[in-house]
Amino acid sequence: MSLNSELKNLKFLLNSGISEFIQNIPNPIYQTKKDKKEIKNSGKIKNIADIQTSSELKEFIKNSSVCALKKSAIQTVVSDGNSSSKIMLIGEAPGAEEDKYGKPFVGRGGQLLDKMLAAIGLDRNKVYISNVVPWRPPGNRQPTTEEILQCLPFIQKHIEIINPSILILLGGTAAKALLTTNQGITKLRGTWHQYNSLGLSNPIFTRAIFHPAFLLRSPGYKKQTWEDLLEIQKKIKLNEIN
Ligand code: URA
């Protein structure tokens, strides 16, 4: 941001009665296209608010040291699939296979996910897949609340960039984190929710379903998941989403 536009921004905020910022940097509402270009050309993007594309976001996450999980992980695992898709799936965090190959859902859970998608006429070229946390927690443990909160701005921004028509949350961790609730997956599945954030113009139809890894351990829950998948398929057809 140029000094001039920064001053304009500050004056406006002061005249509006704002004397304190809760972030280090005030919101750059007067930032011009030229300012944005200068930030981009100056190398690394410093502020997540300046990110416009999923490749910029990937680079930003790779360079981030906000979460200690990055230190023990081999790779930063951000996404797979079609970034133009209107169907976005979000899991918990990469496991060992994902950490090795740098792609979400490539292990046994991923193979089941592919079958679940195929059952309703979808595949990885028709959807976009990411995780709440982009780094593998050691020993495949669940990410802690602190780790989830540290990584949450990444996935929130990612949803804003992809702007899907349908969001499918895989498992309790993704469902709780993105629907901001303490309720478990058993309560959250089976119905439509709406996901919203400040950067979205409309809320997104959201369905939480059992995590494929959970279904591998507890196949008795596949029947309910099949019902959820059929509801998702209905919504896709009804809204002509492709
Ligand atoms: N489990 C997840 O939640 N995400 C992955 O990418 C792999 C397994």
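Rule-based calculations on the coordinates, nothing more; no lab input. Model, not experiment: these values are computed from the prediction. Here the Cβ is made from the backbone with ideal geometry for all residues, glycine too, and neighbour counts use every protein chain on show.
Before moving on, here are some points about what is shown:
- Test: residue in the range 78-85 that is within 24 Å of Q233 (Cβ to Cβ), in a helix (DSSP H, G or I) and more than 16 Å from the ligand (Cβ to nearest atom): no
- Candidates L89, L149, L122 - the one that is crowded, with 19+ Cβ neighbours inside 10 Å and more than 16 Å from the ligand (Cβ to nearest atom): L122
- Evaluating T225 against the criteria (1) outside any helix (DSSP H, G or I); (2) within 16 Å of the ligand (Cβ to nearest atom) leaves one unmet condition, (1).
- Across the range 43-71, the number of residues qualifying as within 16 Å of the ligand (Cβ to nearest atom) and out of contact with any strand residue (DSSP E or B) (no Cβ under 8 Å at 6 or more places or on another chain) comes to 4.
- When the range 185-206 is filtered for residues that are away from the ligand (no atom under 16 Å from the Cβ) and touching a Gly at 6+ places or on another chain (Cβ under 9 Å), only T186 remains.
- The range 125-136: number of residues that are buried (at least 21 other Cβ atoms within 10 Å of the Cβ) and either out of contact with any Leu (no Cβ under 6 Å at 6 or more places or on another chain) or closer than 18 Å to L215 by Cβ (or both): 8
- Flag for A177 being within 16 Å of the ligand (Cβ to nearest atom), within 15 Å of the chain's Cα centre (by Cα), farther than 17 Å from D228 by Cβ and among the small types (G, A, S): yes
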